[in-house]
Amino acid sequence: MTTVERTEDRTKRTTLWYDLAGQDPHPAPDHLRERFPYAPRSTSVPVTRYTSREWHLLEREHLWRKVWQMACREENIPHVGSYLIYEIAGDSYLVVRTRDGIKAYVNACLHRGRALKDYDGRCSEFRCSFHGFTWRLDGTLRHTPAPAEFPDIEADRDAWRLPEAAVGTWGGFVFINPDPDAGPLEEFLGTLPAHFARWDFEHRYLQAHVAKKVRCNWKVAQEAFDEGLHLGATHPQSAPYVGDINAAVDIYGNYARQISPSGTPIADLPTEASESDILKRMLDVREGEDLPIPFAQRSTARDAMADAGRERWRQVIGDDADDISDAELVDHWNYAVFPNFHPWGGYNRIIYRFRPNGDRHDESIFEVMLLTPFRGERPPTATVTHLDFADSWTQAPELQTLALVMEQDTFNMEAVQRGLETTRMPSVITSTYQEGIVSWRHDLLTELVEDAAHEAAR
């Protein structure tokens, strides 16, 4: 008897993720497949939002000084006195663990303005290296040199506390908000923690952290990861096994998600694909090599990858692996928390963050982190590998094969910035559905930056 090899069903290429994930042998939970469609305020984005120094300064005032933003992991500051410098758009903050919890202070001496700290570390107080003004970890003024020379300070020492930013934590991440009138982080995140409850980010450790400088606006860098329409052109090696137009796009308020399904080719792949060929591409198996995981000819690549992934996770979480859906194991769950933080959902390890490089509007820092589960004692937290503009992602071997994918994405970023600087078009356009996250973010920027700036100018 001859066994006929199964060929992928071409209807999968246009079947949206919600339905594919519901048809799996281990379907995704209903609440993770619920649709949250979005009607954009506009699908036109002004080019000046990427190229204008004036817009950058508006973002600094109305965005970065007003919004919740991920500053670090709690494990980055493990002990009382451990502190980390978080910099954003020319501003600098000290995020420190105190006996009363985590605090964040503006990183500037209240005397003559010198930065209180230049490097991450651990201390018992914040002492300015210029004149010796000193603050306790709780932000209160501890020491003034020549106190008789500063009668105003001595008359009201409580007024000379270090200015604070609000602090909140979720999933092992530390968020800050410089706005004294900011609402709580829990309100800002909305239902996001309920989505991630299954994935237990608190009990993971930072296995890798790579930060690369890129010559483009921070939004240009980020928008390379907001949609899957670029897969066929930018990542041709993945075209046979990662869908594009059948991805899920959902908007929930201050966060959104885009889920690209695995085991289904892009819509315009010109050839038929057998399930075994799809699996070989997913596993990067060369011609003539054997598959490293079990595969029956009448099964699908998606099923085989899910089964293999479930067994890998079983080594970490035991028989709880049986409760993991196939979609959580094989699909690309890219969540985006406004304005610049991308924690991947499902049983992925990837985290992205995008920031302006210092106070430059045309340069950015693109960070990739791997957040990995562990058992027993927490493994050491990764130190940051810094890559300059000309450095390749492959100089960070801790990223493994992901480094090559990052090379492909970064290849476009500086070229997009150059194109935006020279285009004669006043705006760029976003698609009606698959680029919905780009539209959503710019709708929020219109509300928080543009509308706020107009209101302030009245």
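Would you be able to say whether some residue in the range 88-103 is polar (S, T, N, Q), under 24 Å from Asp359 (Cα atoms), at pLDDT 95 or above and open to solvent by 10 Å² or more (accessible area, probe 1.4 Å)? Give the steps one after another, and end with the answer.
Narrowing the range 88-103 to residues polar (S, T, N, Q): 92, 98.
So of that shortlist, the ones also under 24 Å from Asp359 (Cα atoms) come out as 92.
Narrowing further to those that are at pLDDT 95 or above: 92.
After this cut, where a residue has to be open to solvent by 10 Å² or more (accessible area, probe 1.4 Å) as well, the list is 92.
Looking for residues that are polar (S, T, N, Q), under 24 Å from Asp359 (Cα atoms), at pLDDT 95 or above and open to solvent by 10 Å² or more (accessible area, probe 1.4 Å), one finds at least one in the range 88-103, hence yes.
Inspect all residues belonging to the range 245-254 and state whether any of them is touching a strand residue (DSSP E or B) at 6+ places or on another chain (Cβ under 9 Å) and either part of a helix (DSSP H, G or I) or more than 30 Å from Val67 (Cβ to Cβ) (or both). Can you show your working first?
First, the residues of the range 245-254 that are touching a strand residue (DSSP E or B) at 6+ places or on another chain (Cβ under 9 Å): 246-251, 254.
With either part of a helix (DSSP H, G or I) or more than 30 Å from Val67 (Cβ to Cβ) (or both) added as a condition, the list becomes 246.
Within the range 245-254 (the criterion being touching a strand residue (DSSP E or B) at 6+ places or on another chain (Cβ under 9 Å) and either part of a helix (DSSP H, G or I) or more than 30 Å from Val67 (Cβ to Cβ) (or both)), the answer is yes, since at least one residue qualifies.
Got a sec? Which of Pro261, Pro265, Pro292 is closer than 21 Å to Asn348 by Cα, touching a Leu at 6+ places or on another chain (Cβ under 8 Å), at pLDDT 90 or above and not hydrophobic (A, V, I, L, M, F, W, C)?
None of the others qualify; the one that does is Pro261.
Taking Pro147 as meeting all but one of (1) open to solvent by less than 10 Å² (accessible area, probe 1.4 Å); (2) of a type outside the set (Ser, Thr, Tyr); (3) out of contact with any strand residue (DSSP E or B) (no Cβ under 9 Å at 6 or more places or on another chain), write down the number of the exception.
All conditions pass for Pro147, except number (1).
Mind checking which residues of the range 266-282 are in contact with a Gly (Cβ under 8 Å, 6 or more places away or on another chain) and open to solvent by 70 Å² or more (accessible area, probe 1.4 Å)?
Selection gives Asp268 alone.
Just give me the residues in the range 30-80 being acidic (Asp, Glu) and open to solvent by 20 Å² or more (accessible area, probe 1.4 Å), in sequence order.
Of the range 30-80, the ones acidic (Asp, Glu) are 30, 34, 54, 59, 61, 74-75.
Asp30, Glu34, Glu54, Glu61, Glu74, Glu75, listed by residue number.
When you go through Val449, Val428, Val438, Val416 one by one, which is the residue that is in contact with a helix residue (DSSP H, G or I) (Cβ under 8 Å, 6 or more places away or on another chain) and assigned to a strand (DSSP E or B)?
Val428
What number of residues within the range 403-443 satisfy the criterion of being under 18 Å from the mean Cα position of the chain (by Cα) and either open to solvent by less than 30 Å² (accessible area, probe 1.4 Å) or among the β-branched types (Val, Ile, Thr) (or both)?
Going through the range 403-443 one residue at a time, the tally reaches 13.
Those residues that are in a loop (DSSP other than H, G, I, E, B) and either in contact with a Ser or Thr (Cβ under 8 Å, 6 or more places away or on another chain) or open to solvent by 80 Å² or more (accessible area, probe 1.4 Å) (or both), I need them from the range 283-338; list them, please. First the steps, then the outcome.
Of the range 283-338, the ones in a loop (DSSP other than H, G, I, E, B) are 284-300, 324-325, 331, 338.
Selection gives Asp284, Arg286, Glu287, Glu289, Asp290, Leu291, Pro292, Pro294, Phe295, Gln297, Arg298, Asp331.
Which pairs have Cβ atoms under 6 Å, sit 6 or more apart or on different chains, and link a residue in the range 427-445 that is within 11 Å of Asp250 (Cα to Cα) to one that is polar (S, T, N, Q)?
Ile437/Gln258
I'm told Glu450 meets every condition in (1) modelled with pLDDT of 95 or more; (2) of a type in the set (Asp, Glu); (3) open to solvent by 50 Å² or more (accessible area, probe 1.4 Å); (4) farther than 25 Å from Leu231 by Cα except one. Can you identify the failing condition by its number?
Only one criterion in (1) modelled with pLDDT of 95 or more; (2) of a type in the set (Asp, Glu); (3) open to solvent by 50 Å² or more (accessible area, probe 1.4 Å); (4) farther than 25 Å from Leu231 by Cα is unmet by Glu450, namely (1).
Counting only residues that are surrounded by fewer than 22 Cβ atoms within 10 Å (Cβ to Cβ), part of a helix (DSSP H, G or I) and either within 19 Å of the chain's Cα centre (by Cα) or in contact (Cβ under 8 Å) with a residue 40 or more places away in the chain (or both), how many does the range 232-244 have?
Matching residues across the range 232-244 total 2.
For the list (1) in contact (Cβ under 8 Å) with a residue 24 or more places away in the chain; (2) under 23 Å from the mean Cα position of the chain (by Cα), I need the number of the one condition that Ser92 fails.
Answer for Ser92: the failing condition is (1).
So is Thr11 more than 30 Å from Gln207 (Cβ to Cβ), hydroxyl-bearing (Ser, Thr, Tyr), open to solvent by 50 Å² or more (accessible area, probe 1.4 Å) and modelled with pLDDT under 95 or not?
Numbers: more than 30 Å from Gln207 (Cβ to Cβ): yes; hydroxyl-bearing (Ser, Thr, Tyr): yes; open to solvent by 50 Å² or more (accessible area, probe 1.4 Å): yes; modelled with pLDDT under 95: yes.
Answer is yes for this residue.
The values are calculated or read from the model by the stated rules, or taken from the named source; none is laboratory data. Computed from a predicted model, the values in this text were never measured in an experiment. Cβ atoms come from the backbone with ideal geometry, glycine included; neighbour counts cover every protein chain shown. Remember, those area values only see protein heavy atoms, side chains included, never the ligands or the DNA or RNA. Shrake-Rupley method; radii C 1.70, N 1.55, O 1.52, S 1.80 Å.
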